[in-house]
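What follows is calculated from the coordinates using simple rules that are stated; it is not laboratory data. Every value quoted in this text rests on a predicted model; they were computed, and no experiment measured them. Glycine also receives a Cβ, built like all others from the backbone with ideal geometry; neighbour counts cover every protein chain displayed.
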Amino acid sequence: MNGYRKWCLVVSLLMCASQGAYAVVNVFTCEPEWAALAKEVGGDLVKTASATTGLQDVHHIEARPSLIARVRQADLLLCTGAGLEEGWLPVLQRRANNPRIQAGADGYMEAADYLRLLDRPTRIDRSEGDVHARGNPHIQLDPTNIPVIAQALAKRLQVLDSGHAARYQENLSDFLSRWQTALGRWERQARPLQGLPVVVHHNAWVYLINWLELDLVGTLEPKPGLPPTSTHLSQLLEQMERQPAKVIIRSPYQGARASEWLSERTGIPAIMLPTTVGGNEAATDLFGLFDDLVLQLLSVTQ
Amino acid sequence: MNIEGLDSSILGPAFAAGLLVLSTHVPLGRQVLQRGIIFIDLAIAQFAGLGVIAAHVMHLDSPGFAVQLMAYGCAVLGAFLLYWCERHWPDAQEAIIGTSFIVAACSGILLLSSSPQAGEHLKELLVGQILWVGYAQLVPVTVIYALVLLLGKFLRSHEHPLLFYLLFAVTVTASVQLVGVYLVFASLIIPALSVRNAGKRGVLLAYGLGAAGYGLGLLGSALFDLPAGAVIVLSLACLGMLVAAIRKVACQVAG
């Protein structure tokens with residue numbers, strides 16, 4: 001009996017010790033790019049999980065029990081915002097019933113709040129398609145946006161876990177300097193891409209196009225979120241004869257059919273680019289994502 | 001395996017929603033099988049969806065009462081239409097139901113071509129996900145179901161086709177928003193199918209099978225971290241086959 005008690009004591013002490021050593025901030029993100037960023041800024045002080053992967057359309061998710069459980073345990077919920085997740089995030093927050101991560105709490109952060117979004121509609125009109133009222137939410141595709149979010153995230157982590165404020169600051173400066181170096185490299189490499197005429201499937205690429213100063217000459221969808229109609233496709237074909245694009249871009253979660261159709265008829269190569277971390281094998285982290293974007297786009301100019 | 005999803009506050013409301021859906025779908029499913037019109041739930045759900053789309057095209061945006069009214073209204077109109085068809089061409093009813101399903105679906109696509117945002121709302125409405133259900137949402141559905149069950153019982157809906165169609169339309173419009181069209185179909189058909197020809201006792205067996213299917217499905221989805229609706233459908237189907245097989249063997253032994 002005495003031996004058993006001793007064992008209990010040892011086990012419970014061990015459990016306490018391990019909890020102390022691993023008291024991490026649970027960061028739950030809607031998209032994988034923010035999980036990757038939280039890993040950079042939080043290091044081993046945070047545990048990250050993402051609701052979606054780089055291969056899926058963030059507009060929809062399938063409800064799994066673990067998803068609710070993770071949001072329930074989360075100390076920080078980090079999402080793109082600007083309406084991108086409006087189809088499922090509010091109901092997920094409600095079901096998780098975790099006061100730490102409700103809108104307005106310190107544990108809730110929308111990346112889009114810290115940036116000026118592109119494509120802000122001058123008027124909201126349902127006839128213009130799937131337009132987001134606050135602007136285009138695919139902000140992660142401009143690498144100059146990333147440091148802004150990184151700084152805001154570090155501040156937020158310092159509020160939530162003030163005991164480690166210095167460590168977050170350290171991680172942040174380290175990340176920012178590595179990012180600055182990489183950004184210089186990408187901009188140097190991408191110089192030949194300036195003015196490259198492109199056709200995109202869905203208008204998810206505005207930030208990349210804006211950053212690299214590509215020339216958007218056409219969109220496969222007539223309006224965001226709508227399937228191509230025959231009139232639109234024939235106009236697009238006509239336009240390609242007048243003003244040929246160099247490449248047709250689609251994201252991993254869009255079917256290849258539409259872009260291959262256009263590629264077959266025009267001879268313009270169609271490529272699939274990752275929209276976020278995990279979108280293909282090369283995009284293992286934020287650095288890998290932009291390395292791959294620049295590399296793949298350069299490959300079609302040669 | 002993963003145990004973090006095994007939380008009664010996560011699985012509890014979903015299980016309650018499942019039991020609630022079964023309460024009406026088991027008896028209605030038996031009638032659907034008898035009448036040989038198993039795809040009627042898909043057609044009714046599509047009519048309700050058409051109502052939602054119409055509400056958006058008419059700019060009745062505010063989610064809630066007006067949209068719900070349009071959904072129920074269109075489902076009931078569809079029910080009248082299908083009842084009328086049954087009276088005139090009873091031998092072609094299954095084909096008419098199938099055709100009205102695709103006609104309603106395509107009308108929806110055409111209406112949506114000018115307003116894709118309504119498509120999102122339609123998906124939210126028709127692709128209800130059982131894990132998103134909270135106890136508060138179960139209250140109005142419980143009231144609707146109680147009325148349906150009482151009316152069905154006292155007015156003998158199995159003897160009055162029009163009443164059956166109307167009650168069915170109201171029930172499915174409520175349940176499809178709660179658990180989605182796959183689970184509605186599964187709850188309607190699988191328990192009723194596996195206890196076919198089982199007489200009075202069959203209803204109890206069907207309820208038990210349905211409850212076990214939802215329970216095991218939810219546990220499986222938590223343990224293996226899979227989408228809940230799909231796991232429940234498969235678990236209902238497996239249990240249904242098991243029950244049907246046991247009944248067949250038992251009949252042969254007895255006979």
Next item on the list: Can you find, among A:Ala165, A:Trp179, A:Pro244, the residue farthest towards the positive end of the dipole of the stretch A:161-302? Put +1 on the C-beta of Lys and Arg, -1 on that of Asp and Glu.
Entry: A:Pro244
Next item on the list: With only Lys, Arg, Asp and Glu charged, each at its Cβ (+1 for the first two, -1 for the last two), find how big the charge dipole of the stretch A:190-299 is about the Cα centre; round to the nearest 20 debye.
Entry: 260 debye
Margin query: Please give me the summed charge of the neighbours of A:Ser299: other residues whose Cβ is under 12 Å from its Cβ, Lys and Arg +1, Asp and Glu -1.
Written below: 0
Item checked: Proportion of all alpha-carbon pairs of the stretch A:143-242 beyond 25 Å (%) -> 46 percent
Check: Whole-Å semi-axes of the protein assembly as shown's equivalent ellipsoid, largest first, each the root of 5 times a Cα gyration tensor eigenvalue?
Finding: 46, 35, 20
Item checked: Principal axes of the stretch A:190-299: Cα extent on each, largest first, Å -> 40, 28, 22
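So if R0 is 22 Å, what FRET efficiency would B:Ala212 and B:Phe39 give, r being the distance between their Cβ atoms, rounded to the nearest 0.05?
Details: r = 26 Å, r/R0 = 1.17.
Efficiency, from the Cβ-Cβ distance: 0.30.
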Notebook entry, point to check: By how many nm would the segment from B:Cys238 to B:Leu77 lengthen if fully extended, with 0.36 nm per residue of separation less the alpha-carbon distance?
Noted result: 54.4 nm
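Full-extension gain between B:Leu6 and B:Leu205, please, as 0.36 nm times their residue separation minus the C-alpha to C-alpha distance. Kindly include the intermediate steps, with their values, before the conclusion.
Working: separation 199, 0.36 × 199 = 71.64 nm, distance 2.69 nm.
Full extension of this stretch gives 69.0 nm more.
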Margin query: With n ≥ 4 as the cut-off for DSSP H runs, can you work out [θ] at 222 nm for the protein assembly as shown, using -39500 (n - 2.57) per run divided by the number of residues, rounded to the nearest 500?
Written below: -20500 deg cm²/dmol
Check: log10 I(q)/I(0), Debye, Cα-only chain B, no solvent, q = 0.07, 0.14 Å⁻¹?
Finding: -0.24, -0.97
Notebook entry, point to check: What's the Kirkwood radius of chain A in Å, using all Cα pairs?
Noted result: 21.1 Å
Next item on the list: Mark the label point 7 Å from the Cα of A:Leu55 along Cα→Cβ and return the residues of the stretch A:235-260 whose backbone N is within less than 16 Å of it.
Entry: A:251-256
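Given charges of +1 on the Cβ of Lys and Arg and -1 on the Cβ of Asp and Glu, with all other atoms neutral, how large is the dipole of chain B about its Cα centre, in debye to the nearest 20? Spell out each step's value before the answer.
Details: 11 positive and 11 negative charges, 202 e Å.
Magnitude of the dipole: close to 980 debye.
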Item checked: Globularity ratio of the stretch A:207-261, using Cα Rg and 2.2 N^0.38 Å -> 1.16
Check: What does the convex hull of the alpha-carbon atoms of the stretch A:238-280 project to on average, in nm²?
Finding: 3.2 nm²
Next item on the list: In whole angstrom, note down how far apart the Cα centers of the stretch B:44-102 and the stretch B:197-230 are.
Entry: 29 Å
Next item on the list: Take the Cα of A:Ile271, step 7 Å along the line toward its Cβ, and report every residue of the stretch A:176-198 whose backbone nitrogen sits under 14 Å from that point.
Entry: A:189-198
Checklist line | Cβ-based charge dipole, the stretch B:12-114, positive-most Cα from B:Leu69, B:Gln34, B:Leu110 | finding: B:Gln34
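Roughly how big is the protein assembly as shown's charge dipole about its Cα centre, with Cβ charges of +1 (Lys, Arg) and -1 (Asp, Glu), in debye to the nearest 20? Show your work: numbers first, answer last.
Details: 39 positive and 43 negative charges, 379 e Å.
Roughly 1820 debye for the protein assembly as shown.
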Next item on the list: Determine which residues of the stretch A:52-77 fall in the zone a paramagnetic label at A:Thr284 would reach in this model, i.e. backbone nitrogen under 18 Å from the point 7 Å along Cα→Cβ.
Entry: A:54-55
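How large, in Å, is the stretch A:21-185 by the Kirkwood hydrodynamic radius built from its alpha-carbon pairs?
Values: mean 1/r = 0.0604 Å⁻¹.
Answer for the stretch A:21-185: a Kirkwood hydrodynamic radius of 16.6 Å.
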